[in-house]
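J.: Below you will find the structure I want to go over with you.
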Amino acid sequence: MRTVLRLLGTRYGIAMVLIVVVLVVVGFGRTVFTDDDASRNDVLGPTVAPVTTTPDPFSSLGDDGVQDEPASAAPSLSKGAADAGTVATRFAKTWIRKPGVTGDQWRAALKPDASSELMEDLADTDPLDVPTATITGATVLEEFGQAVTAKVPADGGTIVLQLEAINGRWLVTSLDWEVA
């Protein structure tokens with residue numbers, strides 16, 4: 001008995017006692033805190049039950065080609081108001097870089113087709129910083145009911161305009177430049 005006590009007093013003995021204590025605590029914790037529904041042999045974690053699906057009874061009928069997206073109402077425009085394509089093209093032609101035009105002249109020309117928020121964004125813009133001077137193609141529209149995206153090809157990229165029907169007419173609400 002004395003030899004066992006002397007062995008437990010050394011660092012190897014203390015390490016052995018600590019290992020036994022840790023194993024007892026872990027074993028006790030696993031038995032007390034184990035979920036009864038979980039598998040006892042599951043080392044990697046809980047298993048996931050397979051999802052059962054029922055086949056679609058109408059899948060053999062094919063696609064009828066009808067879009068399920070809700071139709072958006074066309075905007076109501078004032079009599080004689082220009083369409084979105086005309087406004088976008090006119091705005092883009094005014095926006096491109098023109099030597100000799102002052103910032104105030106440039107902004108005054110843009111104002112009839114731009115929202116007040118866009119004009120605030122352009123307040124400190126120098127027209128000489130516009131990245132293009134030539135429109136190279138026709139305006140392409142993507143309509144979304146009350147909003148339209150217009151893409152105008154230009155040398156070096158594409159002018160992307162967002163238009164919204166505001167107070168009975170189309171106005172450009174945002175402007176972006178996509179480099180080619």
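The values are calculated or read from the model by the stated rules, or taken from the named source; none is laboratory data. Note that the structure is a prediction, hence the values are computed from the model and not measured. Cβ coordinates were reconstructed from backbone atoms using ideal geometry, including for glycine residues, and neighbour counts include every protein chain displayed. Ligands, DNA and RNA are stripped out before the accessible areas are found, and what is left, the full protein with its side chains, is counted by its heavy atoms. Shrake-Rupley method; radii C 1.70, N 1.55, O 1.52, S 1.80 Å.
J.: Within segment 128-151, can you find the residues that are among the hydroxyl-bearing types (Ser, Thr, Tyr) and surrounded by fewer than 16 Cβ atoms within 10 Å (Cβ to Cβ)? Before the answer, list the steps.
T.: Applying the first criterion (among the hydroxyl-bearing types (Ser, Thr, Tyr)) to segment 128-151 yields 132, 134, 136, 139, 149.
Result: 134, 136.
J.: Taking the condition of being on the phi > 0 side of the Ramachandran plot and in contact (Cβ under 8 Å) with a residue 24 or more places away in the chain, how many residues in segment 81-115 meet it?
T.: Keep residues of segment 81-115 that are on the phi > 0 side of the Ramachandran plot, which gives 100.
With in contact (Cβ under 8 Å) with a residue 24 or more places away in the chain added as a condition, the list becomes none.
Number satisfying all stated conditions: 0.
J.: In addition: Quick one: how many residues across segment 112-127 are farther than 16 Å from residue 171 by Cβ and surrounded by 12 or more Cβ atoms within 10 Å (Cβ to Cβ)? Talk me through it step by step, then tell me what you get.
T.: Looking only at segment 112-127, we keep the residues that are farther than 16 Å from residue 171 by Cβ, and these are 123-127.
Restricting the remaining residues to those that are surrounded by 12 or more Cβ atoms within 10 Å (Cβ to Cβ) gives 125, 127.
So the answer is 2.
J.: What single numbered condition from (1) open to solvent by less than 30 Å² (accessible area, probe 1.4 Å); (2) within 14 Å of residue 115 (Cβ to Cβ) fails to hold for residue 154?
T.: Result: residue 154 passes all but (2).
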